[in-house]
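The values are calculated or read from the model by the stated rules, or taken from the named source; none is laboratory data. Computed from a predicted structure; not experimentally measured. Counting neighbours? That spans all protein chains shown, and the Cβs are built from the backbone with ideal geometry, glycine included. Surface areas here come from the heavy atoms of the whole protein model, side chains and all, with no ligands, DNA or RNA. Shrake-Rupley method; radii C 1.70, N 1.55, O 1.52, S 1.80 Å.
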Amino acid sequence: MPMTITEKILAAHAGVEAVQPGQLVNVKVDLALGNDITAPMAIREFERIGVETVWDRDRVVLVPDHFVPNKDIKSAEQALQLREFARKHNLTNYFEVGRMGIEHCLLPELGLVGPGDLIIGADSHTCTYGALGAFSTGVGSTDLAAAMALGETWLKVPESIKFVYSGTLPRWVGGKDLILHTIGQTGVDGALYMAMEFTGPAVENMGMDGRLTMANMAVEAGAKNGIVPPDGITRRYIEGRVKRPYTFYSSDPDAQYAAVYEFDVSKMEPQVAFPHLPENTRPVSEAAGVTIDQVVIGSCTNGRMDDLREAAAVLKWRRVHDNIRLIVIPGTQAIYLQAMREGLIEQFINAGAAVSTPTCGPCLGGYMGILAKGERSLATTNRNFVGRMGDPESEVYLCNPAVAAASAVMGRIAAPWEVE
């Protein structure tokens, strides 16, 4: 029976030869993830179940990254719950402040996720790890609690949609632009409970950071997961990182898809998503002139090294506009250190940016960049819903790091070539 890559991974973890869309399966998980927002509820449910310890102390991962360093007493209490649970169960992978990073940047970096894995996390952007050729998806806190106890979960096998990106990416166009354009074509519910499989020459020639960005935002089209078939780029990325066995799966040539989308990216411009949905995408040339108050470069979507290098290339020898607040947030401590070694942090500070320790803070309107009524932010984050970064009457626009940097210089939404 021909299967897609997603179906093959689910079949392997269900212990069966084949699965088909719509089938309910009980699957073994390779890793269960929680953060300081979602894990406290999972911990309470776990303790209510009454089991003595977690199913595998090496495979339950807790990353306090949303409101840490703690922004207030409530966030401190939530982080304390994670800390105490990790100590009680002697978890191998609990990441304290100073050693943590934004979870979806940190786990691939440390080799905790790999090709062929099945990963669940109580965070919707757990779909990020599909960039490595894994099945990864977000779940609720109660599902996380059950997985922490049993090492299992149940899933409905999703239908798959295939996206084929042909052509060569123009300068300043990357994974963020491909996924924004795709969501603009499908809509925010166009892949509802489906697997988005990203293929084609443009993806095959894309580095891992760009692939992680694309998989990260699959959920913004309503997808159950996003996935990139693993290849040589995947192998080079995981060598020396992933210390346990992994499997490269690929879709059968005659696998069935609910739909196939084809895009020629050769003439694509950088994309900007207007408020208040990621599907409201337009080429940057159609967004030029929109005034903004704040720019955020970072998040689990675009806080990696390639993202910081791209932003720094635009900012070099330039200053942030007097009317703009620019906030730069490296995704992990290792990324922060590498950016320091390359001189990028100095560039950001000399340009007039504020550089933060890793945190999700501004992306979800937590802290480190809250918007007042009537303010606009341009961000490399993944969502621009009403009130996402603060006041319900504020606005969020989404873009890639190069557009963000150029706009910070110009004081309005601008294309990178406008500052060259």
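Could you give every pair whose Cβ atoms fall below 6 Å, whose first residue belongs to segment 390-417 and is free of Cβ contacts under 8 Å to residues at least 60 places away in the same chain, and whose second residue is open to solvent by 10 Å² or more (accessible area, probe 1.4 Å) and of a type in the set (Asp, Glu), counting only separations of at least 6 or pairs across chains?
Pairs that qualify, where the first residue is free of Cβ contacts under 8 Å to residues at least 60 places away in the same chain and the partner is open to solvent by 10 Å² or more (accessible area, probe 1.4 Å) and of a type in the set (Asp, Glu), are 394/375.
Could you tell me how many of the residues in segment 78-101 are in a loop (DSSP other than H, G, I, E, B) and closer than 20 Å to residue 59 by Cβ?
Number of matching residues: 8.
Identify all residues within segment 350-387 that are assigned to a loop (DSSP other than H, G, I, E, B), at pLDDT 95 or above and of a type in the set (A, V, I, L, M); write none if there are none.
353, 372
Working carefully through the options 130, 138, find the one that is at pLDDT 95 or above, in contact with a helix residue (DSSP H, G or I) (Cβ under 6 Å, 6 or more places away or on another chain) and surrounded by fewer than 23 Cβ atoms within 10 Å (Cβ to Cβ).
138
Which condition from (1) part of a loop (DSSP other than H, G, I, E, B); (2) open to solvent by 30 Å² or more (accessible area, probe 1.4 Å); (3) not basic (Lys, Arg) is the one that residue 320 breaks?
Condition (2) is where residue 320 drops out.
Take residue 343 and decide whether it is touching a His at 6+ places or on another chain (Cβ under 9 Å) and without any contact (Cβ under 8 Å) to a residue 60 or more places away in the chain.
no
Identify, from the list 396, 409, the residue that is part of a helix (DSSP H, G or I) and β-branched (Val, Ile, Thr).
Of the residues listed, the single one that is part of a helix (DSSP H, G or I) and β-branched (Val, Ile, Thr) is 409.
For segment 251-276, give me each residue that is open to solvent by 20 Å² or more (accessible area, probe 1.4 Å), over 21 Å from residue 179 (Cα atoms) and touching a Pro at 6+ places or on another chain (Cβ under 6 Å).
Answer for segment 251-276, where residues must be open to solvent by 20 Å² or more (accessible area, probe 1.4 Å), over 21 Å from residue 179 (Cα atoms) and touching a Pro at 6+ places or on another chain (Cβ under 6 Å): 252, 254.
Which strands (runs of 3 or more DSSP E) sit wholly inside segment 104-194 and have at least 1 residues that are within 28 Å of residue 269 (Cα to Cα), in contact with a Phe, Trp or Tyr (Cβ under 9 Å, 6 or more places away or on another chain) and in contact (Cβ under 8 Å) with a residue 40 or more places away in the chain?
159-166
Within segment 192-240, which residues are open to solvent by less than 20 Å² (accessible area, probe 1.4 Å), among the aliphatic types (A, V, I, L, M) and within 13 Å of the chain's Cα centre (by Cα)?
Hits for segment 192-240 are 208, 212, 214, 215, 217, 218, 227.
Please state which one of 372, 313, 287, 379 is more than 21 Å from residue 188 (Cβ to Cβ) and either surrounded by fewer than 16 Cβ atoms within 10 Å (Cβ to Cβ) or touching a strand residue (DSSP E or B) at 6+ places or on another chain (Cβ under 9 Å) (or both).
The conditions single out 372.
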